[in-house]
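Written out below as structure tokens is the structure these notes cover.
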Amino acid sequence: MNRSPKQLAAALAVVWLGGLSATQAADTTLQDLINGASIRVFDPINHPGAQYDLTFSGFQNVTQLGTLAVPYNQIFVFPIWGGVGGAQNEPGLRFQSALWTLIGPGQTYDLSFEFTVSHTFLSPVLTDNTLALTGSALGSGIAQVAEGVINPLNSETLANKYVYTDALGSQLVDHDVFVGGPYSSVQVRKDFVMSTGSAEGARVFVSDFDQTFSAVPEASPGLAGIGLALLAGRQMLRRRTTVTREAVIV
């Protein structure tokens, strides 16, 4: 599930803080997102189709329970590209913290939050998504992420996923197709739980969990080229219009 530097670099992201300014995606934290930041993930070079342009926003209802409290500014959120569990051409996010570790019996951690995923151009293209977990557990330790995908228009459940790791085994990747898709926007609700149980020597560690989304098949190079040409033409027209207006004002 590890990505090469090339795969990570392929994902371009713009992180908007309150819709006014931008910062590097590598510096984005869950605290930034709670405060109103959003992340737009796109790759115009390797995946020029407009359907591969997603915005992650509206982070809310963030709660944290248990014996471990991780500062939200120590939970980092990275754009990723390339999919997980064998999936390809999927934009998404990675949630990561160096503090997700529990040692000894009776330790717990529970992080819940939700956010909205929207196709930037509002076309119904989202068809399915994948959830993945990277971690380990010893003794009675367990780590798990449960996820529900909701239709924001009517609160209908479109997909459910569950990944976990414990001393007896693991399911590190789960994938589900959206009911009745595709959709232009979906809401994701996550519950991330860690527990060491009651056994002495129990330990659990999570480095990150990933979230990627699939879209309808990519547009052909010809269509993509036409789209880019139309966009360039619109920008040129807008630029000419601006110059004309400035000339009239002067």
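The values are calculated or read from the model by the stated rules, or taken from the named source; none is laboratory data. Because the structure is a prediction, the values reported are computed rather than measured. Cβ coordinates were reconstructed from backbone atoms using ideal geometry, including for glycine residues, and neighbour counts include every protein chain displayed.
Restricting the stretch 120-139 to residues that are within 18 Å of the chain's Cα centre (by Cα) and among the aliphatic types (A, V, I, L, M), the residue that is surrounded by the fewest Cβ atoms within 10 Å (Cβ to Cβ) is LEU122.
Would you check which residues across the stretch 88-132 are under 22 Å from PHE76 (Cα atoms) and in a loop (DSSP other than H, G, I, E, B) and list them? Passing the criteria: GLU90, SER97, ALA98, LEU99, TRP100. Here are some conditions: (1) closer than 27 Å to ASP176 by Cα; (2) surrounded by 15 or more Cβ atoms within 10 Å (Cβ to Cβ); (3) modelled with pLDDT of 80 or more. GLY83 meets all but one. Which one does it not meet? Unmet for GLY83, out of (1) closer than 27 Å to ASP176 by Cα; (2) surrounded by 15 or more Cβ atoms within 10 Å (Cβ to Cβ); (3) modelled with pLDDT of 80 or more: (3). Only residues that are over 14 Å from ASP210 (Cα atoms) and either crowded, with 17+ Cβ neighbours inside 10 Å or among the charged types (D, E, K, R) (or both) were counted across the stretch 149-183, and they come to 15. One residue alone among ALA159, ALA143 is touching a Gly at 6+ places or on another chain (Cβ under 7 Å), among the aliphatic types (A, V, I, L, M) and part of a strand (DSSP E or B), and that residue is ALA143.
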